[in-house]
1. Over chain B, what is the relative contact order in whole percent, taking alpha-carbon pairs under 8 Å and six or more residues apart?
2. Hey, what's the Kirkwood Rh for the protein assembly as shown if you take every pair of different alpha carbons, in angstrom?
3. Compute all pairwise cysteine Cβ distances in the protein assembly as shown, then list the cysteines with no distance under 4.7 Å to another cysteine.
4. Across segment B:19-25, in residue order, what do the Karplus-derived ³J(HN,Hα) couplings come to in whole Hz, using 6.51 cos²θ - 1.76 cosθ + 1.60 with θ = phi - 60° and x for Gly and Pro?
5. When ligands, DNA and RNA are left out and all protein chains stay put, how many square angstrom of accessible area per residue does the protein assembly as shown have with a 1.4 Å probe?
6. Carbon and sulfur atoms: what percent of the 1.4 Å accessible area of the protein assembly as shown do they account for?
7. In square angstrom and rounded to 100, what buried accessible area do you get between chains B and A, total over both, with the probe at 1.4 Å?
8. Mind putting together the pair-distance distribution for chain B? All Cα pairs, 10 Å bins, whole percent per bin, short to long.
Amino acid sequence: DSGVTQTPKHLITATGQRVTLRCSPRSGDLSVYWYQQSLDQGLQFLIQYYNGEERAKGNILERFSAQQFPDLHSELNLSSLELGDSALYFCASSVAPGLAIGDTQYFGPGTRLTVL
Amino acid sequence: DAKTTQPTSMDCAEGRAANLPCNHSTISGNEYVYWYRQIHSQGPQYIIHGLKNNETNEMASLIITEDRKSSTLILPHATLRDTAVYYCIVSNAGGTSYGKLTFGQGTILTVHP
């Protein structure tokens, strides 16, 4: 158990819909990262928040957005869903804002999103 | 980001040491080498990381060459539960992708009875 929690575990929805994925970081961690893992793209970084502020952005679609709340939990919002958005979505957390000092990211169990 | 090259797959007998190589010839001086593994569709599991010196923890050992252009992850006594995809990642220590981990295809390690 990494200490990172994600809800829900599974989500099935239809094209065009909007969903929200939730992540609670490990106690004491200030950074939250979101990753997407699809069959054809592998694990890809989406976005990072540090202490409530966006820190880094990866290949995140404009239909996707995220935020980190004062209690440090984070939500990833996916809208106008398409079939290709079906994937595993992982959240990770770390103490520091970056990896330059050898910080470690711990991953949650993921949310499996299926878009029908 | 520094690129990493890993073998696509490897086999290991249960109880033997598993040695997983990784090449990262373009690594910068302040970039760390991280190893994660993913068992089936579970969340990636942190194994170990290092900068210059060899590192050991309860899970594995990490051997980094003196020129830092390659490394080897060693699982000293592999078990069936170590069957997983192992990812070697070089940290992005700056720029606009300050904290992201860039996952490649990894090495599929299969531990046989």
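The values are calculated or read from the model by the stated rules, or taken from the named source; none is laboratory data. Note that the structure is predicted; figures quoted are calculated from it, not measured. Heads up, the Cβs are rebuilt from the backbone with ideal geometry, glycines too, and the neighbour counts pull from every protein chain shown. Calculation scope for accessible area: heavy atoms of the full protein, side chains included, ligands and nucleic acids excluded. Shrake-Rupley method; radii C 1.70, N 1.55, O 1.52, S 1.80 Å.
1. Numbers: 279 pairs, mean separation 40.4, N = 113.
Contact order relative to length: 36 percent.
2. Details: mean 1/r = 0.0555 Å⁻¹.
Result for the protein assembly as shown, one decimal place: 18.0 Å.
3. Result for the protein assembly as shown is B:CYS12, no neighbouring Cys Cβ within the cutoff.
4. Result, rounded to whole Hz: 10, 9, x, 8, 9, 8, 5.
5. Details: 11010 Å² over 229 residues.
Per residue, the protein assembly as shown has 48 Å² of solvent-accessible surface.
6. Working: 5320 of 11010 Å².
Carbon with sulfur: 48 percent of the solvent-accessible area.
7. Working: alone 6530 and 6270 Å², together 11010 Å².
When B and A are taken together, about 1800 Å² of accessible area is lost.
8. 15, 49, 30, 6, 0
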